[in-house]
1. In segment 516-567, which residue that is among the aliphatic types (A, V, I, L, M) and farther than 19 Å from Phe175 by Cα is surrounded by the fewest Cβ atoms within 10 Å (Cβ to Cβ)?
2. Looking at segment 102-130, which of its residues are part of a loop (DSSP other than H, G, I, E, B) and in contact with a strand residue (DSSP E or B) (Cβ under 6 Å, 6 or more places away or on another chain)?
3. Which ones in segment 634-657 are surrounded by fewer than 16 Cβ atoms within 10 Å (Cβ to Cβ) and at pLDDT 95 or above?
4. Quick one: is Ser627 in contact (Cβ under 8 Å) with a residue 40 or more places away in the chain and in a helix (DSSP H, G or I)?
5. Give Thr228, Thr211, Thr185 a once-over and let me know the one that is under 18 Å from the mean Cα position of the chain (by Cα) and surrounded by fewer than 22 Cβ atoms within 10 Å (Cβ to Cβ).
6. Search segment 568-615 for residues being without any contact (Cβ under 8 Å) to a residue 24 or more places away in the chain and not in a loop (DSSP other than H, G, I, E, B), and hand back the single one that is surrounded by the most Cβ atoms within 10 Å (Cβ to Cβ).
7. Are there any pairs with C-beta distances below 6 angstrom linking a residue in segment 373-402 that is within 24 Å of Asp25 (Cβ to Cβ) to a residue that is not in a helix (DSSP H, G or I), with the two at least 6 apart or on different chains, and if so which?
8. In the set Gln401, Gln411, which member is under 17 Å from Tyr514 (Cα atoms) and not small (Gly, Ala, Ser)?
Amino acid sequence: MCGIAGIYQSDHQPIRLATLRAMADILRHRGPDDEGFALFDTVAGTTCHFKGPDTPAGVQLPDIRDVSVTPGRFDVALAERRLAILDLSPAGHTPMTTPDGALTITFNGEIYNYIELRAELSALGHTFRSQGDTEVLLAAYRQWGVECVTRFNGMWAFALWDAPHQRLFCSRDRFGVKPFYYIHTRDRFAFASEPKAFWASGLIQARPNPTLLIDFLAGYEASQLDETLFEGIQQLPGGHNLIVTAADVQIRRYWFLPCNTDLGPAQPDDAPIQRLRELLIDAVRLRLRSDVPVGTCLSGGLDSSAIVRIANDLMQHEHNIPRALVGDHQKTFTACYDDAASDERAFAQRVVDVTGAEWHQTFPTAESLRADLDRFIWHHDEPPITTSMYAQWCVMRLVRQQGVIVTLDGQGADEQLGGYLPFDVYLSQIARAGQIGRFVREVRAMANVGSQPWRDVLLRVVANQLPAGLHSQAQMLRRDRMLGLRRGAAEAAIARHQRAFDSNGRTNLPRHLYALSIHNLPRLLRSEDRNSMAFSVEARTPFLDVRLAEHIGHLPAAYRIHAGWSKYALRRAMSSSLPEAICWRRDKKGFVTPERAWLRSLQPLLIDLFHDAPRTASVLDVTVVRSTITRDEFPNRSPVSAAAWRWAAAELWLRTIER
């Protein structure tokens, strides 16, 4: 797990070492254990490798601080800040090069099936000097070329310099767990793990992307997969490769998430549910591979509770991770609140009681948010879309304070299995199939479970049947969501959102969940990456295991929602392992915070932010904003507090990038 950066000068102009070092230095929080630099003169065919001040003593390379003039005109350069997770010896130093010098890689992520791949590659004649996954990745590329990524089970963002072919091969994992940002001009391609590396090095100025700023303020931040909130900075979408040569830059998709659009049987079968359980267990098993301490995030919800229980069984019974790395009991971490409506300690306590886990708690407050706000916004690069992202920030800080370097969590299950309670979409699909009896049974079951007001759901079912144009107009009537946004900007944001989310997603549950996985999930993964890496912690997501994701993608709708229950297949799969109060829990909090109370406490800050010449004035109706935040009853409803947070986050972000 690392911070990576690099530059490719297609006009063969020399790269300044100061530029490369500045890119690496700003990413130190992502990798405090080691740093390295690799430079290539593609005309002369020469290469130089350097270490830095954070490089361990055992690495025998010249120190980049001692170089005043580079011995060549280097036009390709790679840099890496390493958080050591596998093979903590000098053999794990990166950027890593093959013995013949033909291939060099800077790599952020983990290939969880590296042990199996190493055995396969060894049988094909490859030899290895290290015990980690980076060298396996190099060997896999040598054996299979760009198709190697289809064999990886993991999360990654890497850039590999292929000297024989004079190309830079870049790739990002299937869901985009690990970030890959880049800038591309006529004569330069540069990449980094975080946008701040570009302006810290002087390669580009930090300017907002007005279109995506509007989308963010409308709550539709994830409509575009390859753009960012910064003008001139793009991101490689998940599931894509990118190849840079002196002639051009090519981007190709290598993976598609399956999407079975069928409604499915009236009664789901047991076999696919049992297979889901087996795949989830093995996904956790692979993600316990580590040479540093591992812990688990525990919110009290179904997804994290399932991972805690599975990880506990694997740690305690299979002993597949050294006890020295976990202690006598698994370490779990929970965000807690004095506000009963947001607090989930009672549910987390049940999981702790069952597993005997060592439980650590953190208590985010409005006061701590105010104290952390500048640093929190700076690390996120783009404005965080909800205050729940701050709760995760506090959890990751606690993780590091307890000496844990790797965490597992339940990210991705909601998007794949219907955790956001899209009952209206499921009922719309049943209605369109003409199965009236099934429709009535599901409505009755939903009312019995009581997870959502059934009358509200039926109203949304009716709205889902509207043509796209009328549906857009209906969205505009939801003024709380668009509160403060200028009308023309709001209409444009809705149109972009509807283009990104297939209109069939309103009436077909698997397509709806596919859109959430492709468009909504990346912003949550970005937040998790920034929160964890701010404290030099690696976050792993078992529900995004490629085998598990593809299995879920092949399941029809009835396995996602059934008999009034969301995430039905997962509930059934874990019913023998989790307490009934967890497995068949009726309410859904969604990692919430006491946002309304926090915003009320932060009201003076908001008033100050929008008092005089706010930076967001070009897209927000400042009169509406000021009127809203100065009311005595502010914020009177949750949609108002959500909008107000986005106003504040955007304003603070714009001020941050001006510095």
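The values are calculated or read from the model by the stated rules, or taken from the named source; none is laboratory data. Small disclaimer: the values here were computed from a predicted structure and weren't measured. Positions of Cβ are generated from backbone atoms using ideal geometry, with glycine treated the same way; all protein chains shown enter the neighbour counts.
1. First pass over segment 516-567, keeping only residues among the aliphatic types (A, V, I, L, M): 516, 518, 521, 524-525, 533-534, 537, 539, 544, 546, 548-549, 552, 555, 557-558, 561, 563.
Add one more test, that the residue is farther than 19 Å from Phe175 by Cα, and what stays is 534, 537, 557-558, 561, 563.
Numbers: Ala534: 19, Val537: 21, Ala557: 24, Ala558: 24, Ile561: 28, Ala563: 16.
Residue satisfying both the conditions and the ranking: Ala563.
2. Tyr112
3. Arg655
4. So Ser627 fails the test.
5. Thr228
6. Among them, the one singled out is Ile607.
7. Matching pairs, first to second residue: Asp381/Glu194; Asp381/Pro195; Glu382/Leu229; Met396/Phe535; Met396/Val537; Arg397/Phe535; Arg400/Phe535; Arg400/Val537.
8. On inspection, the qualifying residue turns out to be Gln411.
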